[in-house]
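Following: one structure in C-alpha coordinates, then a few remarks.
The values are calculated or read from the model by the stated rules, or taken from the named source; none is laboratory data. Bear in mind the structure is a predicted one, so any value in this text is a computation, not a measurement. Reconstructed Cβ throughout: ideal geometry from the backbone, glycine too, with neighbour counts over all protein chains shown. To get the accessible areas, we keep the full protein, side chains included, count just its heavy atoms, and leave off ligands, DNA and RNA. Shrake-Rupley method; radii C 1.70, N 1.55, O 1.52, S 1.80 Å.
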Amino acid sequence: MLEDQPYQCPCCDFYSLPSRGGFEVCPVCYWEDDGQDMDRLDEESGPNHITLRAARMNFERIGASDASAVSLVASPGERAGLRREQRATYH
Ligand SMILES: [Zn+2]
(Lines give C-alpha, C1' and ligand atoms only; values in the text may rest on other atoms or scores of the structure.)
Protein backbone atom coordinates (compact mmCIF):
# COMPACT_ATOMS: atom_id res chain seq x y z
CA MET A 1 0.00 0.00 0.00
CA LEU A 2 1.18 3.51 -0.79
CA GLU A 3 2.05 5.96 1.96
CA ASP A 4 1.42 9.69 2.19
CA GLN A 5 4.08 11.90 0.67
CA PRO A 6 4.62 15.58 1.51
CA TYR A 7 3.33 16.95 -1.80
CA GLN A 8 -0.02 16.84 -3.52
CA CYS A 9 -0.14 15.65 -7.12
CA PRO A 10 -1.40 18.44 -9.41
CA CYS A 11 -3.44 15.91 -11.38
CA CYS A 12 -5.14 13.48 -8.98
CA ASP A 13 -4.91 15.55 -5.74
CA PHE A 14 -3.53 12.64 -3.72
CA TYR A 15 -0.53 13.29 -1.48
CA SER A 16 1.66 11.07 -3.61
CA LEU A 17 4.78 13.07 -4.46
CA PRO A 18 8.10 13.20 -2.56
CA SER A 19 8.98 16.51 -4.23
CA ARG A 20 7.46 19.08 -6.58
CA GLY A 21 8.75 19.78 -10.07
CA GLY A 22 11.17 16.85 -9.88
CA PHE A 23 9.69 14.92 -12.80
CA GLU A 24 8.48 12.20 -10.46
CA VAL A 25 5.74 10.04 -11.91
CA CYS A 26 2.71 9.92 -9.64
CA PRO A 27 1.93 6.28 -8.76
CA VAL A 28 -1.78 7.07 -8.46
CA CYS A 29 -2.47 8.72 -11.84
CA TYR A 30 0.85 8.52 -13.75
CA TRP A 31 1.10 12.26 -14.28
CA GLU A 32 4.76 13.28 -14.56
CA ASP A 33 5.30 16.25 -12.27
CA ASP A 34 7.03 18.93 -14.29
CA GLY A 35 6.05 21.60 -11.79
CA GLN A 36 2.84 22.66 -13.49
CA ASP A 37 -0.09 23.23 -11.16
CA MET A 38 -3.66 24.48 -11.02
CA ASP A 39 -2.66 28.00 -12.06
CA ARG A 40 -1.69 26.68 -15.50
CA LEU A 41 -4.50 24.22 -16.20
CA ASP A 42 -4.70 24.90 -19.93
CA GLU A 43 -1.01 24.88 -20.73
CA GLU A 44 0.20 21.72 -22.46
CA SER A 45 2.63 19.81 -20.26
CA GLY A 46 5.83 18.80 -22.09
CA PRO A 47 6.41 15.37 -20.53
CA ASN A 48 2.70 14.52 -20.34
CA HIS A 49 1.77 15.80 -23.81
CA ILE A 50 -1.64 17.02 -22.61
CA THR A 51 -2.94 19.88 -20.53
CA LEU A 52 -3.34 19.48 -16.78
CA ARG A 53 -7.06 20.15 -17.16
CA ALA A 54 -7.41 17.27 -19.63
CA ALA A 55 -5.38 14.99 -17.35
CA ARG A 56 -7.55 15.87 -14.34
CA MET A 57 -10.68 15.14 -16.36
CA ASN A 58 -9.16 11.83 -17.44
CA PHE A 59 -8.44 10.93 -13.83
CA GLU A 60 -12.02 11.62 -12.79
CA ARG A 61 -13.34 9.63 -15.71
CA ILE A 62 -10.95 6.67 -16.05
CA GLY A 63 -8.74 6.79 -12.92
CA ALA A 64 -5.55 7.69 -14.77
CA SER A 65 -4.07 10.88 -16.22
CA ASP A 66 -4.11 9.35 -19.68
CA ALA A 67 -5.77 6.35 -21.31
CA SER A 68 -2.37 4.73 -21.95
CA ALA A 69 -1.69 4.61 -18.18
CA VAL A 70 -4.89 2.90 -17.06
CA SER A 71 -3.17 -0.47 -16.60
CA LEU A 72 -0.21 1.09 -14.75
CA VAL A 73 -1.83 3.16 -12.01
CA ALA A 74 -2.28 2.13 -8.39
CA SER A 75 -5.40 0.14 -7.62
CA PRO A 76 -8.02 1.59 -5.24
CA GLY A 77 -6.68 -0.80 -2.58
CA GLU A 78 -3.10 0.35 -3.06
CA ARG A 79 -4.02 4.00 -2.77
CA ALA A 80 -6.49 3.53 0.11
CA GLY A 81 -3.99 4.82 2.68
CA LEU A 82 -3.17 8.01 0.81
CA ARG A 83 -4.61 11.33 1.85
CA ARG A 84 -6.52 13.23 -0.83
CA GLU A 85 -7.80 16.78 -0.75
CA GLN A 86 -9.81 17.15 -3.90
CA ARG A 87 -9.63 20.55 -5.57
CA ALA A 88 -12.22 21.89 -7.96
CA THR A 89 -11.03 21.98 -11.56
CA TYR A 90 -13.89 24.07 -12.84
CA HIS A 91 -13.97 27.69 -11.74
ZN1 LIG B 1 -1.42 11.90 -9.38
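With respect to the chain, whose longest principal axis is taken over its alpha-carbon atoms, helix 52-62 is tilted by about 40°. Sorting the segments 70-79, 1-10 by their residues' average number of neighbouring beta-carbon atoms within 10 angstrom, most packed first, yields 1-10, 70-79.
Give the carbon-plus-sulfur fraction of the accessible surface of the chain in %, rounded to a whole number; probe 1.4 Å, heavy atoms of protein chains only.
Values: 2490 of 4970 Å².
Ligands and nucleic acids excluded, carbon and sulfur reach 50 percent.
Kirkwood hydrodynamic radius, the chain, all distinct C-alpha pairs: what's the number in Å? Display every interim value, and only then the final one.
Values: mean 1/r = 0.0785 Å⁻¹.
Final number for the Kirkwood radius of the chain is 12.7 Å.
Which value at 222 nm does the chain reach when only helices count, each DSSP H run of 4 or more adding -39,500 (n - 2.57), with the total divided by all residues and rounded to the nearest 500 deg cm²/dmol?
Details: 1 runs with 11 residues, N = 91.
Counting only the DSSP helices, I get -3500 deg cm²/dmol.
Per residue, the chain exposes 55 Å² of solvent-accessible protein surface, assessed with a 1.4 angstrom probe and all protein chains in place.
Between T89 and M57, the simple label model (points 7 Å from Cα in the Cβ direction) yields a spacing of 0.7 nm.
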